[in-house]
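Coordinate-derived values only; no laboratory data. If you're wondering where the values come from, they're calculated on a predicted model, not measured in any experiment.
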Amino acid sequence: MYFVYIVKCADETFYTGIATELERRIEEHNNSDKGAKYTRARRPVRLVYSEEYPDRSSASKREYEIKKKMSRSEKLKLIESV
């Protein structure tokens, strides 16, 4: 199982990623050098949205869609829809 997730950084920006273990990944973003370079400078991060996918391929496609094709306002609408 794969998760596509959005975290809100301390500077109010969003970071989108994929993970197999969501809790571990959020912990890495907040407390480890294994967190994304983008989030290391913007700690702490808070999980604001996630979706489940059965395989890496479909999760990666959705991550790309959110990351590259959605505006900030579209991401806010997606987060608020939950």
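Based on the alpha-carbon gyration tensor of region 1-48 and its eigenvalue square roots a ≥ b ≥ c, which shape applies: rounded if a/c is under 1.5, prolate if not and a/b is larger than b/c, or oblate?
Verdict is oblate for region 1-48.
Name the shape class, rounded, prolate or oblate, that the alpha-carbon gyration tensor gives for region 5-82, where a ≥ b ≥ c are the square roots of its eigenvalues, rounded holds for a/c under 1.5, and otherwise prolate holds if a/b is larger than b/c and oblate otherwise.
oblate
Note the per residue figure in Å³ for the convex hull of the C-alpha positions in region 38-82.
Output value, Cα hull per residue: 103 Å³.
Please compute the length gained on full extension between Met1 and Ser58, using 0.36 nm multiplied by the number of residues separating them and subtracting their Cα-Cα distance.
Taking 0.36 nm per residue and subtracting the Cα distance, the gain is 19.5 nm.
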